[in-house]
Amino acid sequence: MKTVSVCGLGYLEIGVSSLAAWRDYAEKVLGAEVLDATDALYVRYDAQVWRLRLVETGEDDICVAGFECANIEDLAAVRRQLKALDVAVTEAAPADAAARQATHLLRCQDPFGLSVELYVGERLAVEPYVSPVGVGGFVTGDQGLGHMVLAVGNEAQAYAFYMEGLGFRLSDDIYMGPPGRQIRLTFLHCNPRHHTIALAPVPSRKRLNHIMLQLRSMDDVGLGLDRARAAGVEISSSLGRHSNDHMFSFYMQTPSGFDIEYGHGGIEIDDTTWTPQTHHAPSLWGHKGRLN
């Protein structure tokens, strides 16, 4: 039987130490809209109601990953796949689904304790997104909010959950590090975006390594770099182009310590022709800093 896949990374909930610092960063550096709620900030940068929910809990790490399913039939199929792996899946109350602006919502955990939500629903806002600093737009839509890189403690468990359970497909691998101490980063896709998740089998106190936001123009990447420098944001790695997805990007530190990759021009995958590859360097050029 064919494995059914989620169709995109729809939203993230992140526990942060300072909502005020994130407000400035999201608006003035990322160019996103920030919406206030009683106990959270909501960050939006496209037609959806929000993409990031920030709650002041102090861990400075991802709390929830919300994955969209194309329809109720796919949601049910993914639930069966997870149950076959002995993953406990529960149905959220209607009020909880409504809080996510979803029509149906399921909950489970990945093998490393990350809360995962599976949902159906367009989650479209009434008002159009308008960047407060004039960003021309982000690549989202059927490619989801961007991508994220997660630290995982056990490769086999991670592959089973994300590939057999959620239906992600292999894009490629990158081997990083000196001979004898290399690690393999595995890149997975569920839509045309080259990867929605990358899995890094490294010991880490935190789950989230970085989030990638893709801009519609190269100039917006450069303008974002200028804004980051003007705001005193630490640039974690310089401009460069990746070896696997060919993303032109730089990395900058968030107020929570993990990075955001701000990029343009990533390649897209056609599953009818794509062949996974193995790379031995993360970048074709640049990205000097933490990556090299």
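In a shell of Cβ-Cβ distance under 13 Å around TYR159, excluding TYR159 itself, what net charge do Lys and Arg (+1) and Asp and Glu (-1) give? Around TYR159, the surrounding residues sum to -2.
Built from the Cα atoms of region 244-285, the convex hull projects on average onto 4.1 nm², one quarter of its surface area. Peptides 220-228, 274-282, 15-23 ranked from most to least packed, by the mean per-residue count of other Cβ atoms within 10 Å: 220-228, 15-23, 274-282. Rg and Dmax, both from the Cα atoms of region 180-249 and both in Å, are 14.4, 40. Ranking of PHE112, PHE187 by neighbouring Cβ atoms within 10 Å, starting from the fewest: PHE112, PHE187. The distance separating the Cα centre of region 54-118 from that of region 212-242 comes to 31 Å. Taking the Cα atoms of region 141-286, the ratio Rg/Rh between the radius of gyration and the Kirkwood radius comes to 0.96.
What translational diffusion coefficient, in µm²/s and rounded to a whole number, does the Stokes-Einstein relation yield for region 8-120 at 4 °C and a viscosity of 1.567 mPa s, taking the hydrodynamic radius as the Kirkwood radius over Cα pairs? This corresponds to a translational diffusion coefficient of 87 µm²/s. Sorted fewest first by neighbouring Cβ atoms within 10 angstrom, ILE211, ILE72 come out as ILE72, ILE211. Over all orientations, the chain has a Cα convex hull whose mean projected area works out to 14.8 square nanometres.
Return the FRET efficiency for the residue pair GLU155, THR57: r is the Cβ-Cβ distance, R0 is 22 Å, and the value is rounded to the nearest 0.05. Efficiency, from the Cβ-Cβ distance: 0.15.
For the chain, with a Gaussian network of springs between Cα atoms less than 10 Å apart, report the residue from GLY66, GLY58, GLY180 with the top mean-square fluctuation. Among GLY66, GLY58, GLY180, the largest mean-square fluctuation in the Gaussian network model of the chain belongs to GLY180. Tell me, what is the percent relative contact order of region 192-292, built from C-alpha pairs under 8 Å that lie six or more residues apart? It rounds to 33 percent for region 192-292.
Around VAL139, what is the net charge, scoring Lys/Arg as +1 and Asp/Glu as -1 over all other residues with Cβ under 14 Å from its Cβ? Please list the in-between numbers first.
On the way: positive: ARG51, ARG193, ARG216; negative: ASP46, ASP142, ASP220, ASP245, GLU261, GLU268.
Once positives and negatives cancel, what remains is -3.
Each residue of region 42-52 was assigned a 3J(HN,Hα) from its phi angle through the Karplus curve 6.51 cos²θ - 1.76 cosθ + 1.60 (θ = phi - 60°); the sequence is 10, 10, 10, 9, 7, 6, 7, 4, 6, 10, 10 Hz, with glycine and proline shown as x. Projecting the Cα atoms of VAL116, VAL34, VAL89 onto the charge dipole of region 8-120, computed from C-beta unit charges around the Cα centre, puts VAL89 farthest toward the positive end.
Let me check I've understood the local charge: for SER18, count other residues with C-beta under 10 angstrom from its C-beta, Lys and Arg +1, Asp and Glu -1. What total comes out?
-2
Any read-out appearing in this document is the output of simple, stated calculations on the displayed coordinates, not a laboratory observation. Keep in mind it's a predicted model, so treat the numbers as computed, not measured. Cβ coordinates were reconstructed from backbone atoms using ideal geometry, including for glycine residues, and neighbour counts include every protein chain displayed.
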